[in-house]
Amino acid sequence: MQRIPTHVPGLDAAIQGGPIQGSLILVKGAPGVGKTIFVLQSIYASALTGDVGIYFTFDEAPQTIGWYSAIFGWDVPALQKDKKIYIYYLSEQEYERFRPDRLDTLRERLEYIIKSTGARRVAIDSMSTISLYLARTLGLHTEVDVSAVMQKVLRSLSSLAKDLGILLYVTVLPSDPALPVYESMADGVIELFYYEDVGGVTQRGLRIPKMRATHHPLDRLSVYIEREGMEVESL
C-alpha cells in the first residue's frame, strides 16, 4: 500500500508515514483551532517536493491565504505561478459552477480540475459550509435529512479520491449535524482541539480516532504553531 505523507512535522511518524493513497481524511475542530493551517501547510509542503495541490475554500477569503503566507514564510504565490498550487475561492455566486446539490455536476467539475492539474492532494474547506448551503437550498429541516444528503456527497467524494488515487482532506465543524456520517465514512479522522494543561494554560491538541489500515496513537498529541507552521509532538 502506497502512503502519502501529510508533511506536517511529527504527524507522519505517528501514522506509519502518512495516510494510504486514495484516502479521504476528515479534519475536524472548532473555529480557530488550526484546520485551515493544517490542510494548507500539507498542500504547501507537498508542493515544495513537486506534488501539485488544490485548495477549495468556501470559507476563507483570498486575503486570509496571504496572511498565512506572510506569517509562516510560505511563498504560495510563487508556487501558484509555477502551477504547483491552485486555490479556488468559491463564493455562493460561484456555487452554480460546482452545484453541490447535483452530485453528478459536483463530481464532474472536481474530477476535471484534479485531472487537468495533476493534483495529488486536495482540500475542501469546509463540508459544514456545504451542508448549510444544501439545507437552505433544498429546504432540509431535520438532522436526518441533512445527514442523508451529505452521506451521498461524501460517498461521491470518497469514490473520487480512490478512483484518482489522491489524498483528499475535508474539514468540518463539530456542530455539523452530519458529523457522525462523515466520521463513519471517512478513511481517517484527525481532530484538532484546545485543552488546558496541568498549569491551566490553554494548549492545542490533536487526536487520531481513526486511520484505516494504519497503526496510530489514540492518546492526545500536542500541537504547536511555530514560525514555519504547525508541528505535532513526536512520539
Exercise. Among all residue pairs at least 6 apart or on different chains, which show Cβ distances below 9 Å where the first residue, located in segment 60-75, is without any contact (Cβ under 8 Å) to a residue 24 or more places away in the chain and surrounded by 11 or more Cβ atoms within 10 Å (Cβ to Cβ) and the second is assigned to a helix (DSSP H, G or I) and among the aromatic types (Phe, Trp, Tyr)?
Worked result: Ser69/Tyr44; Asp75/Tyr44
Exercise. Does Leu160 count as in contact (Cβ under 8 Å) with a residue 60 or more places away in the chain, within 26 Å of Gly53 (Cβ to Cβ), under 20 Å from the mean Cα position of the chain (by Cα) and outside any loop (DSSP other than H, G, I, E, B)?
Worked result: no
For this session: Considering each residue of segment 46-91, count those that are assigned to a loop (DSSP other than H, G, I, E, B) and of a type in the set (Ser, Thr, Tyr), and give that number.
Result: 2
Exercise. Of all residues in segment 163-180, which are within 15 Å of the chain's Cα centre (by Cα) and assigned to a helix (DSSP H, G or I)?
Worked result: Leu179
Problem set entry | Filter result (touching a helix residue (DSSP H, G or I) at 6+ places or on another chain (Cβ under 6 Å), aliphatic (A, V, I, L, M) and surrounded by fewer than 16 Cβ atoms within 10 Å (Cβ to Cβ)) within segment 216-235 | Leu235
Exercise. Among (1) touching a strand residue (DSSP E or B) at 6+ places or on another chain (Cβ under 9 Å); (2) outside any loop (DSSP other than H, G, I, E, B), where does Gly18 come up short?
Worked result: (2)
For this session: Working carefully through the options Ile43, Ile37, Ile25, find the one that is touching a residue at least 60 places away in the same chain (Cβ under 8 Å), in a strand (DSSP E or B) and hydrophobic (A, V, I, L, M, F, W, C).
Result: Ile25
Exercise. From the residues in segment 181-215 that are assigned to a loop (DSSP other than H, G, I, E, B) and of a type in the set (A, V, I, L, M, F, W, C), which one is surrounded by the fewest Cβ atoms within 10 Å (Cβ to Cβ)?
Worked result: Val198
For this session: Report, by residue number, each residue of segment 220-235 that is touching a residue at least 12 places away in the same chain (Cβ under 8 Å) and either over 28 Å from Phe72 (Cα atoms) or assigned to a strand (DSSP E or B) (or both).
Result: Leu221, Ser222, Val223, Tyr224, Ile225, Gly229, Met230, Glu231, Val232
Exercise. Going by the structure shown, is Val172 modelled with pLDDT of 95 or more and either closer than 19 Å to Ser23 by Cα or touching a Gly at 6+ places or on another chain (Cβ under 6 Å) (or both)?
Worked result: yes
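The values are calculated or read from the model by the stated rules, or taken from the named source; none is laboratory data. Computed from a predicted structure; not experimentally measured. Positions of Cβ are generated from backbone atoms using ideal geometry, with glycine treated the same way; all protein chains shown enter the neighbour counts.
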